[in-house]
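Here's the structure, in structure tokens; my notes come after.
No value in this document is a laboratory result; all are computed from the given coordinates. On a predicted model such as this, the values are computed, not experimentally measured, just so you know. Positions of Cβ are generated from backbone atoms using ideal geometry, with glycine treated the same way; all protein chains shown enter the neighbour counts.
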Amino acid sequence: MEVIINNTRLSIIQGDITKQTTDAIVNAANPSLMGGGGVDGAIHQAGGLAILEECKQIVAKQGRLPPGKAVITTGGNLKAKYVIHTVGPVWHGGSRNEAELLASAYYECLKVATENKLTSISFPSISTGAYGYPVAEAARIALRTVVSFLKEQATSIKEVVFVLFDSRTYESYLSALREATGSLKT
């Protein structure tokens, strides 16, 4: 499913984010930026040591990456030229600003992509794996944030792809896209 928002194509697919050919893919990282499980581990494994080396330099310079922030590195061996690393919130029941931090993670990735004049970006479902964020709620926040950014900000981005690993997550994002775009044609 796809929609057009201010000349930017927003689409949702089921697949493997490490195989995307967009200018950048987003890594749902941990604060250390040293790789881990899930999407983070898959991106580091597929991208090779160049990503890890740049992550080490970032952490040495600025310290651990706080939730809701984003940084950019090379894509290493990936088809994507860059990886934008962001840290989503760990789910604690919704009482610790999780929604605001998750929205900030998506917003900051789009901001970094725009600052680097990138034209396309692929997102995973941030915080819904090991961090335990409920998928349906995370999908609503993700789509609201991205749609709002595309409507309100001047950006170089012409394509945003949500690449979702399983059918349950894909269906949640489809539903959230319909909700976030309302009457937009698909």
For Ile58, placing the label point 7 angstrom along Cα-to-beta-carbon and taking the range 118-136, residues whose amide nitrogen sits under 16 Å are 118, 121-124, 126-127
Relative to the chain, whose Cα atoms define the longest principal axis, helix 98-115 and its Cα axis are tilted in degrees, nearest 10, by 80
Straight-line reach check, Lys19, cutoff 17 Å on alpha carbons, 8 or more apart in-chain or any other chain, hits among lysines -> Lys79, Lys81
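Full extension from Ser167 to Ala130: what is 0.36 nm times the residue separation minus their Cα-Cα distance, to one decimal in nm? Walk me through the intermediate numbers first.
Values: separation 37, 0.36 × 37 = 13.32 nm, distance 1.77 nm.
Additional length available on full extension: 11.5 nm.
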Checked against the structure, the computed Kirkwood radius over Cα pairs in Å among (i) 19.7; (ii) 17.1; (iii) 16.1 is the one labelled (iii)
Note on the chain, DSSP bridge orientation, antiparallel percent to nearest 5 equals 35
Debye calc, one equal point scatterer per Cα of the range 12-64, no solvent, log10 I(q)/I(0) at q = 0.14 1/Å comes to -0.37
The Cα extents of the range 57-127 along the principal axes, largest first and rounded to whole Å, are 38, 28, 21
Taking Cα atoms only, helix 135-152 is inclined relative to the longest principal axis of the chain by an angle, in degrees rounded to 10, of 80
With the label point 7 Å along the Cα-to-beta-carbon line of Thr119 and a cut-off under 17 Å to each amide N, the hits in the range 141-160 are 155-160
Long-range share for the range 41-88, i.e. C-alpha pairs more than 18 Å apart as a percent of all pairs, stands at 25
Ranked output for segments 148-158, 20-30, 133-143 by mean other Cβ atoms within 10 Å, highest leading, reads 20-30, 133-143, 148-158
Cα-based Rg then Dmax for the range 91-186, in Å, read 13.2, 36
Answer in debye to the nearest 20: the dipole magnitude of the chain about its Cα centre, from +1 Lys/Arg and -1 Asp/Glu charges placed on Cβ, is 260
Glu2 and Ala50 label points (each 7 Å along its Cα→Cβ direction) are spaced in nm at 2.7
